[in-house]
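One structure below.
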Amino acid sequence: MRLPLSWLHDHVVPDLDVRALATRLAMTGTEVDRIHHHGVDGLEHFVVGKVLTREQHPDADRLSVCIVDVGDGEPSQIVCGAPNVAAGQTVAVGKPGSVMPDGTRLKTAKLRGVASAGMILAEDEVGIGMDHAGTMVLDDDLAAGTQLADVLPISDTVLELEVTPNRPDCLGVYGVAREVAAATGAPLGPAPWASDDARVVYDELRTLPADQPGETGGVRIENRAPDLCARMTWRLYEDVTLAPSPRWLKARLMAAGQRPINNVVDITNYVMLLTGQPLHAFDADRIAGGTLVLRRAGEGEKVTTLDDVERVLDGEMLVFEDADGPTSIAGVMGGQRSEIFDDTTRVLMEVATWDGPNINRTMGRLGLRSEAGARFEKGLAPEQAMEAQAVAHELMITLCGARPVGGTLDLGGDGPAPLTIRLHDARVEGLLGAPVARDRSARILETLGFGVAEASDGLDVTVPSYRRLDVTREADLIEEVARLDALDHLPATLPVNRTGTAAQLTGAQRLRRRAEDVLVGCGLHEVCGWSFTDPAVLDRLRVPADHPLRDVVVLENPMSEAQSILRPTILGSLLDVAAHNRSHGHDAIALFESGAVYRPWSGEPDATAWAGERPAPADEHHALAAVLRGPSTPPSWRGGDPVPADVFAAKGLLEAVLAALRVEHEIEPGDPGRWPFLHPGRCGAVMAEGQRIGFVGEVHPLVAESWDLDGAPVATFAIDLGRAIALAPAVSTYRDLTSFPALRQDLAIVVPDAVPAARVLDVVRAAAGKRLADVRVFDVYRGDQLGEGRTSLALHCEFRAPDRTLTDEDVAPLREKIVAAVTGELGGELRG
C-alpha cells in the first residue's frame, strides 16, 4: 500500500521525520518496504505565473511564444505547446532549475530558434493528474511569483507499506493513522465518517435481513448468497454532475498509485484508500429491469470485466445480474455494463462485505487481482461498509452536486456483538517477563480503538469491529501492548544455563564458527541455500537409480514439485548459486555454505521418538562445502598470485579448515561410484581416524554443463562438519618453540607413479623421527631419463632440535634412514 505522508498528516502528525517514522512503524509491526518521492523537486523553482502576452511561434504551428510574469521583476519568455494557453491566464510555471517527476531538470533552451526560460505546466507534468492536453489554469487572485507548492500538492513523500494479512484495517489511511498515533503518542484526529454531513447515512438507514429483498430509489436489490455476502448497503444519487475531480483529490490518488478518471469513480477509489473498504458505483439508468440480484455464477458463465477481458466463471463465484444478465464479478471487478459513463446522472453506490476466502479463490482461479479484492480477501468487518458509505455520501454531494434519494438500504446489518476479553495484569507479566502498568496498557488499547474498562485484576477490553477476526483471546491483547510499548521497556537480560551463569556458545558452535571464519578469511563468500529441493537435482548430479543418495526424505505437503524433498547433499544448492552468479557475469566464483542435509532415519525408533510416539522423520547432519570456479580464486588465502580453481585449490581450502579444527586427516583416492557428480580422475575421500568425513575434487564436466558452468574446472569439497568437530581435540596442546634455527635440506626421491605423494611424506616422517620439523613437496618431475612409470618428487625438509643448532653431520644419519625407508618400503631411490 502506498501512503502519501500529506494524507496521513490530515489525521495524525507525529513528531518524527519520515525515516524515524518508518523505523517506528516497522518496529511495531507495520513494515515500511521503501520511501518514495512523488511529484517534483526543487520547489523554489515552481511558481505561479501570469501570461501577459501570447504570440504564435514564427516557425511552428503548434507552439506559442508567451511573455509570463513569474514575480521576478523582469517577465520571462516561455515557449508553450498547449493549445489552451492565452493572455491573461494565471498558470503554473517551472523555471529553469525545476526537477520534473521523471528527473528531468529544466534549463533555458531554444525551441525552433526561440529562447524559452522554463515551462508552462500541465497536470501530468507535476504529478497531480493525467491531463496533458492543456495547461493548468489557476485562480486569478493568485499573485505572480507565489510558490506553487503553497497552491497545489505538487510534491509528496510516500511510504510503501507491507501490510500483514491479519491487518486489513491498515489498508486504509485512517487505519494506518490509528497505528501511528498508538506507536508515537501523537493525537489522532476524528474519524472521517464521524462528521455531521457523513452521519446522515446512519440517520436514513433501513436495515433488512441479508436474504430479504429491498428497494431504494426504484431499484430492487436481492441477495441470494447471504453466506458469502454478510452485508450489502446501497444509496442512490440523482442529478449527478460528472466532471474531473479537483486537483487535490487527483494528486492524492496519483501519489497513492491510482489513476484519476472522473469525480464519481475517483470518489470510490479515494474512499477505499481512506477507509480500507472498497465501493462500487453503478449507473442506475443502465440497470436493466430496475433489478440487481447477487447470486452464484453458473458453470462456464462469462462476464467481460472493465479491463476488456472475457472471464469464464464457475459455480462458487459471485456475480451481480440485472434483467440482461451478469454485470460484474462481485467483490473483484466490475463489468463493462456496470461502469460509469460520460452521460451518467444517476449513481447507485454499493458497499458490501464479502467472504474473504471466496474472494481469494475467485481471484486465484481467474488470475485476476484488484485493489478491492486484495482488501476483501483479508476479511473486512460489516461495520466498515457503512463507514465507507458515510464518507462517500459527503463527497458525492460536495464534488458531484448529487441529490440523495430514498435513504440507505442495508441488507444484513452490523456484524456480531463485540467480544469483551479480560486482560489480567498477572498474565501480561507472565507472558512478557516484566510487569506493564495497567494504565499504560489501557492507553495503548484505547488509542487503537479498543474499549477499556477497569476490572479487579486487570482490564475488560472490548474488541473493535475492524479487529474482530484478529484479536480473539487474551494473548492477542498482550501482543498489542507488547509490540507498541512494552517491548521497548523490557529489561535486557541474558538466558542462563542450569548452573545459573549466562548462556554462551557450546564448544561445537565455536568450532563451527571457526571453520566458517577460515573460509571467509580465504576470500570465499557464504551463501544460504534452501533445505527443500527438486528431485530432478539428483538427475542433474548423475546419481544412479540405485545409489544411496536416491533414498531421500519426501515432504508430505510441499510448496511445489521443485521443493518436494529435503536435500540429501549440499552440492546442488551451491551449484544453483554458482550458476546464478555466472549468469550475471561473474566467472570467478568462490562460495561456501554451512547448512543441514537430510537422509531418512535409519536408527532405532525409540532413540529418536517425538514424545515417545513416533520416530524422527530424518537423519540431519551439518555439512560444510565450497565451490570454486575459474579463471581464478581470490588470492588472499595464498598470499600471492591468483591460483586456478582446480582440485588442488579446493584441497588447500579443506586443509586450512581441518587445520583450524586441529583434525588430523588424509586424502585417499576417491571411488567414482560413490560420488558420481565428481570427476573420476580428480577426486578423493577425506579420511580422519579411519572415518570418511567428506570428499574433495572437481565437479564432473557433464554435471558442470547441466548448471551452465562449463568452460573451466569447478572444484569443490564437502565434509560432515559435525563429525569433523567430534574428532577435534577437546583441549589444544602446545609444543615449546625453540629459538634455534632449523637446518634445511632438499631431497629428490624417485618413486613409482602408483605411489601417492602423501604416502612418501608419511614414510619420510616415520623414518626421520622427531627432529624432522616439516617436510613438503615443492616440485614434481617426469621424464625419459627417469624411466617409464617413474616420478621424481622434490622434498623440502626442515630439521630442528630444541637444545642446539643442528649440523650437517647431525642430519646425515637421518637422511640415510629416509633413503633406506623410501627404498625398502616404496621401491624408490635417491635421485642422483
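The values are calculated or read from the model by the stated rules, or taken from the named source; none is laboratory data. Because the structure is predicted, anything quoted here is derived from the model rather than measured. When we count neighbours, we look across all protein chains shown, and the Cβ atoms used for this are built from the backbone with ideal geometry, even at glycine. Accessible surface is based on the protein model in full, side chains and every heavy atom, while ligands, DNA and RNA are left aside. Shrake-Rupley method; radii C 1.70, N 1.55, O 1.52, S 1.80 Å.
Things to note:
- Backbone N within segment 362-388 under 17 Å of label point (7 Å from Thr207 Cα along the Cβ vector): 381-388
- For segment 460-555, carbon and sulfur atoms together expose 54% of the accessible surface, with a 1.4 angstrom probe and every protein chain in place.
- Over the chain, Cα pairs under 8 Å with separation of 6+ residues give a relative contact order of 8 percent.
- Restricted to Cα atoms, segment 34-181 shows a radius of gyration and a Dmax of 18.5, 63 angstrom.
- With DNA, RNA and ligands ignored, accessible area of Met559 (1.4 Å probe; Å², nearest 10): 130
- For segment 646-715 and segment 751-824, distance of Cα centres in Å: 26
- Shape call, segment 413-463: gyration tensor on alpha carbons, a/c limit 1.5: prolate
- Spin-label pair His796-Ala656: with each label point 7 Å from Cα along the Cα-Cβ axis, the two points sit 1.8 nm from one another.
- Local net charge near Pro756, Cβ-Cβ under 12 Å (Lys/Arg +1, Asp/Glu -1): -3
- Contour excess over end-to-end distance, with Cα ends at Ala730 and Ala60 and 0.36 nm allotted per residue: 232.3 nm
- Fraction of C-alpha pairs exceeding 16 angstrom in segment 85-126: 42 percent, rounded to a whole number.
- Label separation (Ile67 vs Cys528): 6.8 nm, computed from points 7 Å beyond Cα along the C-beta direction.
- Solvent-accessible area of Ser155 with every protein chain in place, 1.4 Å probe, in Å² to the nearest 10: 40
- Distance-filtered residues of segment 436-477 - backbone nitrogen under 18 Å, label point 7 angstrom along Thr493 Cα→Cβ: 436-437
- With Cα atoms, 0 to 90° folded angle of helix 263-275 axis to the chain main axis: 50
- Average accessible surface area per residue within segment 1-151, 1.4 Å rolling probe, Å²: 49
- Computed E for Ala86/Thr398 - FRET, C-beta separation, R0 30 angstrom, nearest 0.05: 0.50
- Ellipticity at 222 nm from helices only: DSSP H runs of n ≥ 4 in the chain, each -39500 (n - 2.57), divided by the residue count, give -7500 deg cm²/dmol.
- Share of carbon and sulfur in the accessible heavy-atom surface of segment 618-768 [1.4 Å probe, %]: 52
- Matching label, Rg/Rh (Cα atoms, Kirkwood Rh) computed from the structure shown, candidates (1) 1.08; (2) 1.03; (3) 1.12: (3)
- Per-residue ³J(HN,Hα) for segment 774-785, Karplus 6.51 cos²θ - 1.76 cosθ + 1.60, θ = phi - 60°, Hz, x for Gly and Pro: 7, 8, 8, 8, 10, 7, 10, 9, 10, x, 4, 5
- From the C-alpha gyration tensor of segment 307-417, square roots of 5λ in Å: 25, 20, 13
- Karplus-derived 3J(HN,Hα), 6.51/-1.76/1.60, for each residue of segment 69-75, Hz, glycine and proline x: 7, 10, x, 9, x, 9, x
- Long-range HN-HN contacts of Ala618 with modeled amide H, under 5 Å: Trp601
- The chain: angle of helix 173-184 to the longest principal axis, Cα-based, in degrees nearest 10: 60
- Å² of accessible area per residue within segment 383-479, as computed with a 1.4 Å probe and no ligands counted: 42
- Between the Cα long axis of helix 356-366 and the first principal axis of the chain there is an angle of about 80°, rounded to the nearest 10.
- Per-residue 3J(HN,Hα) values for segment 34-43, derived from phi via the Karplus relation 6.51 cos²θ - 1.76 cosθ + 1.60 with θ = phi - 60°, read 6, 10, 10, 10, 10, x, 9, 9, x, 4 Hz in sequence order (x marks Gly and Pro).
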